[in-house]
Amino acid sequence: MNVIVIGGGVAGAATAIALRRIGVQVTVYEAYAEPAGSVGSFLSLATNGLRVLRSLGVLEQVQRAGVDMPTQRMWSGSAKLLGEVPRGRSASDPLHSVTLMRGTLVEILRANALAAGADIVVGERLVDAAPTETGVRAIFASGHTAHAALLVGADGIRSTTRTLLDPNAPVPEYAGLYSISGVADGLDIEPGVFNMTYARNGAFFHLPAPDGRIWWAAQVATPIPPDPTAGTDRERLARLAHLFRPERLPSAILGAATELHHPTLMHRLAPIPIRHNDRMALLGDAAHPVGAGQGASMALEDAVVLARALADEPSVPAALATYDAARAARIAKMLKAASANRDAKTAGPLARRIRDLMMPWGSRHFHARATDWLYTHDCGELPSSPNQPAHQGS
């Protein structure tokens, strides 16, 4: 069986590895010439995502490229400690959350996909897809066409595959936040701790980078979407420092900033009513942009669950139905958690005061109960041999 994967980012590259592990021929089509590169800022992988990386055979590479984050601390704007919890894991989990640059993760996954025998074609943008007697035909902007038994849309929140599946599918909406990140130098912070400050104008994150500097990111709350790219880096940093001037920790780090990354607007997407048909399926942000530090981990989970379904079921349509059923409840629960996470970052004065009063108590008594469903999840293993034959999936 052969499969077309649209999108060469985290979701697409992981899917290629997983499908090669069950013996499927895979071609990944990526619209951009360089799908890794300087894409986004840092991201965190919780233990549910790390288990998938272990199943894919790339966990140790990712751990070496990033930094272990066993602990998370939440701070108020006045630098009062609101809570300390295990970062992205249950308290008893031997794995620790790992944080690394998104581009680095894509590079690792793509290199392993190529090593496993997947083909990656860059500079090809999907514009249409049509069913055939034996599968689906993909049509690209260049005029190139390709046929496969299955087309997987791993093409992100602005997915073309999603609109081809359902022309009336929801479209991304501004989520009331924009993100800007960078690097600071010259400050000493405790290793192994991911810090999050609930600020007056959003949320601010900082952590020690592998090279001894500080990675930081700000999610700025504003009801009207701005143009976050307007002005020079110096002007953007000055605006950011002004917004976070009341908060002690963010102000100190922004004052030591030496590098800015490309800022982006953050979007949300209503639940997708049609996530697959008999020959096409959505995966990762194309199906469910969750955020809340789980976007990459959920995409990795999707990849393994899809591959296992294709290996176990007698046909592609049956496999896609099994895949969707296996993911639906978990993704719905994650979307609710992500919505609550966004609301906490855009809270008004009264809600902030209540949060600051309740969070120390809640983090001590309810964190494990509220998050173990997320972090202890295990999608299962894939075959150990990359050459294991798969069904023909007619």
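Every number here is computed from the coordinates shown, using simple stated rules; none is lab data. Note that the coordinates shown come from a computational prediction; the quantities given were computed from them, not determined experimentally. Counting neighbours? That spans all protein chains shown, and the Cβs are built from the backbone with ideal geometry, glycine included.
Computed over Cα pairs, the Kirkwood radius of the stretch 1-142 leads via Stokes-Einstein (1.306 mPa s, 10 °C) to a diffusion coefficient of 94 µm² per second.
Just to verify a number: FRET efficiency for Asp128 and Ala321, C-beta to C-beta distance, R0 = 35 Å, to 0.05? Before the final figure, lay out the partial values.
Values: r = 24 Å, r/R0 = 0.69.
Computed FRET efficiency for Asp128 and Ala321: 0.90.
The length gained on full extension between Asp312 and Ser142, counted as 0.36 nm times the residue separation minus their Cα-Cα distance, comes to 57.6 nm. For the stretch 239-249, backbone phi angles converted through the Karplus equation (6.51, -1.76, 1.60; θ = phi - 60°) give residue-by-residue couplings of 4, 5, 4, 5, 5, 9, 4, x, 9, 5, 5 Hz, Gly and Pro being listed as x.
Calculate, in nm to one decimal, what Asn168 and Ile354 gain on full extension: separation in residues at 0.36 nm each, minus their alpha carbon distance.
Details: separation 186, 0.36 × 186 = 66.96 nm, distance 3.97 nm.
Extra length from Asn168 to Ile354 when fully extended: 63.0 nm.
To the nearest µm²/s, what D does Stokes-Einstein give for the chain at 10 °C and 1.306 mPa s, using the Kirkwood radius over alpha carbon pairs as Rh? Walk me through the intermediate numbers first.
On the way: Rh = 21.6 Å.
After rounding, the answer is 73 µm²/s.
Taking amide H positions as modeled 1.01 Å from N, with prolines and chain starts lacking one, the residues under 5 Å from Trp75 and 5 or more places away or on another chain are Leu82, Met196, Thr197, Tyr198. Among Leu56, Leu237, Leu45, sorting on how many other beta-carbon atoms sit within 10 Å of each Cβ, with the fewest leading, yields Leu237, Leu56, Leu45.
In this simple spin-label approximation, Glu60 and Ser339 carry label points 7 Å from Cα along the Cα→Cβ vector, and these lie 4.3 nm apart.
Rounded to the nearest 0.05, what FRET efficiency do Arg248 and Arg364 give with R0 = 22 Å and r taken as the Cβ-Cβ distance? Could you check? Spell out each step's value before the answer.
Details: r = 24 Å, r/R0 = 1.07.
Efficiency, from the Cβ-Cβ distance: 0.40.
Antiparallel DSSP bridges in the chain: what percent, to the nearest 5? Counting DSSP beta bridges with both partners in the chain, the antiparallel share is about 70 percent. Near the amide H of His267, within less than 5 Å, lie the amide hydrogens of Ala175, all on another chain or at least 5 residues away, with H placed in the peptide plane.
With N counted as the residues of the stretch 173-267, its alpha-carbon radius of gyration over 2.2 N^0.38 Å works out to 1.03. The HN-Hα couplings worked out from phi for the stretch 50-56 by the Karplus form 6.51 cos²θ - 1.76 cosθ + 1.60 (θ = phi - 60°) are 5, 5, 5, 4, 5, 5, 7 Hz, whole numbers, x standing for Gly and Pro.
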